[in-house]
Amino acid sequence: MTLRHLRIFAAVCRCGSVTKAAAMLHIAQPSVSLAIRELEEYYQITLFDRISRKLYITEQGERLLKYATHITSLFNEMEESIQSVSEYEPLHIGSSITIANSFLCDFLAQYQQNYPKRNCQVLIETSAMLESKILNNELDLAMVEGIPTHPSIEKLPFFQDELVILCANEHPFTKHEHLSFADLLQEPFLLRERSSGTRAVIDSILQLYNMNVTPIWESASTRALVKGVQRGFGISILPYQMVKEDLQNQSIQRLYVEDINLQREYFIIYHHNKYVTPAMQDFINIALQVTTLQ
């Protein structure tokens, strides 16, 4: 005996006819007849008297109908309650500092415009910390820089950015048309902290070219690094999205280095065992739509 059996039985009682109940439920008439017969066999009772091609509910049928009505009503109430809680449950989102400065507000503004009754709780942290929180189920999804390597993390690329090499306007390198990465190693570096996604990409590039840099500044603040570059304390490598206004305002200069690829992708990540809720999918769709327009 299943909930389906009870729903079919209640429909037959309301309609007074197997044919009408089948039409109302959008199922075949034999399926309705079979469900009634299975109920009668299961409980060893007769639910309807069939007289002159009409159905008359029996006393035992009346008793079952009372319970069937209560059970189906309670089930419907449960579904509505659970779906309502799920619909308005906060979406726990993580973002790296770079992505938060570049995109997060645009994503959240569009999400809240589309779904005004939903709430988001946001954590801005390093990419490494966000990956750890995804693995511990402390976040529903996160936006990180660089490629996550843990096998339990699902990753979806949503934007391609590039790192740019920066120096002060008065730096001698601004007069060079051709620079190699080896030329840069003579200079003091101002870099993001080691736990950041940006720094991880830079370190991997340096490792690829068998080079090593010991920065004189390490900071989680991109603005602090830009200020240091402007004042001539050294050169830096930062995401274009974070410094494009500085470049447009010509407060710093970009250096172009031969034979080095500084492209990198941003990823939306979540645990591969995590159920992707409608709220998660809606946020992902918005992220993809917004960055397509960038």
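I'd like to know which of 260, 180, 9 lies farthest towards the positive end of the charge dipole of the chain, counting +1 on Cβ of Lys and Arg and -1 on Cβ of Asp and Glu.
Farthest towards the positive pole: 9.
Once amide H atoms are placed 1.01 Å from N in the peptide plane, what residues at a sequence separation of 5 or more from residue 94, or on another chain, have their amide H within under 5 Å of its amide H?
123, 141, 142, 143
Using only the Cα atoms of the range 1-99, each taken as one equal point scatterer with no solvent, compute I(q) by the Debye sum, divide by I(0), and report log10 of the ratio at q = 0.11 Å⁻¹.
The Cα Debye sum returns log10 ratios of -0.43.
Please compute the contact order of the chain in relative form: average sequence separation of alpha-carbon pairs under 8 Å and at least six residues apart, divided by the residue count, as a percent.
About 21 percent, as a whole number.
Kindly provide the Kirkwood hydrodynamic radius of the range 234-292 in Å, to one decimal, from all pairs of distinct alpha carbon atoms.
After inverting the pairwise mean of 1/r, the radius is 15.1 Å.
Taking all pairs of different Cα atoms in the chain, averaging 1/r and flipping that mean, what Kirkwood radius in angstroms comes out?
Taking every pair of different Cα atoms in the chain, averaging 1/r and inverting gives 24.0 Å.
³J(HN,Hα) across the range 153-160 via Karplus (A = 6.51, B = -1.76, C = 1.60, θ = phi - 60°), whole Hz, x for Gly/Pro?
9, 7, 10, 10, x, 10, 6, 10
Go through the range 262-275 residue by residue and turn each phi into a ³J(HN,Hα) via Karplus (6.51, -1.76, 1.60, θ = phi - 60°); whole Hz please, and just put x for glycine and proline.
In residue order, the calculated couplings are 10, 6, 8, 10, 9, 10, 8, 10, 7, 5, 5, 8, 7, 6 Hz.
When the dipole is taken about the Cα centre of the range 118-258, and only Lys, Arg (+1) and Asp, Glu (-1) are charged at their Cβ, what size is it in debye, to the nearest 20?
Using only the charged Cβ atoms, the result is roughly 280 debye.
The range 113-143 to the range 3-29: how many Å between their Cα centroids?
Answer, in whole Å: 46.
With θ set to phi - 60°, apply the Karplus curve 6.51 cos²θ - 1.76 cosθ + 1.60 along the range 114-121 and write out the HN-Hα couplings as whole Hz, x wherever there is a Gly or Pro.
Taking θ as phi minus 60°, the curve returns 6, 10, x, 8, 8, 10, 10, 10 Hz for the range 114-121.
Select from 292, 33, 97 the residue farthest towards the positive end of the dipole of the chain; place +1 on Cβ of Lys and Arg, -1 on Cβ of Asp and Glu, and compute about the Cα centre.
The residue sitting farthest along the positive end of the dipole is 33.
Using only alpha carbon pairs under 8 Å that are at least six residues apart, calculate the relative contact order of the range 26-136 and give it in whole percent.
Value for the range 26-136: 20 percent.
Mind running the shape call on the range 160-264? Use the C-alpha gyration tensor, a ≥ b ≥ c as the square roots of the eigenvalues: rounded below 1.5 for a/c, prolate if a/b tops b/c, oblate otherwise.
Because its axes are fairly even, with a/c under 1.5, the range 160-264 counts as rounded.
If one computes the Cα centroid of the range 215-264 and of the range 38-85, what distance in Å separates the two points?
71
How high is the relative contact order of the range 160-264? Use alpha-carbon pairs under 8 Å, at least six apart in sequence, and give a whole percent.
Relative contact order for the range 160-264 comes out at 51 percent.
Put +1 on the Cβ of each Lys and Arg and -1 on the Cβ of each Asp and Glu in the chain; which of 239, 135, 273 then has its Cα farthest toward the positive end of the dipole?
Going by the Cα projections, it comes out as 273.
Can you tell me the order of 254-264, 141-151, 163-173 when each peptide is scored by its average per-residue count of other Cβ atoms within 10 angstrom, highest first?
Ranking the peptides 254-264, 141-151, 163-173 by packing returns 141-151, 163-173, 254-264.
Anything over 25 Å Cα to Cα? Flag those among 155/227; 133/155; 133/244; 117/274, in the order listed.
In this structure, 155/227; 133/244 lie more than 25 Å apart at Cα.
What Kirkwood hydrodynamic radius do you get for the range 65-224 when you take the inverse of the mean 1/r over all pairs of distinct Cα atoms, in Å?
19.6
Where the only charges are on Cβ atoms (+1 Lys, Arg; -1 Asp, Glu), what is the dipole of the chain about its Cα centre, to the nearest 20 debye?
About 1200 debye.
Check residue 164: other-chain or 5+ apart residues with amide H under 5 Å from its amide H, H built from backbone geometry?
Residues meeting the criterion, in which the H sits 1.01 Å from N, are 238, 240.
Sort 43-55, 215-227, 108-120 for me by packing, meaning the mean count of neighbouring Cβ atoms within 10 Å per residue, highest on top.
215-227, 108-120, 43-55
The range 5-59: Rg/Rh from Cα coordinates, Kirkwood Rh?
Computed over Cα atoms, the ratio is 0.93.
Read-outs: derived from the displayed coordinates by stated rules, not from any lab. Not measured: the values here are computed from a predicted model. Ideal geometry is used to build each Cβ from the backbone, glycine not excepted, and the neighbour counts take in all protein chains shown.
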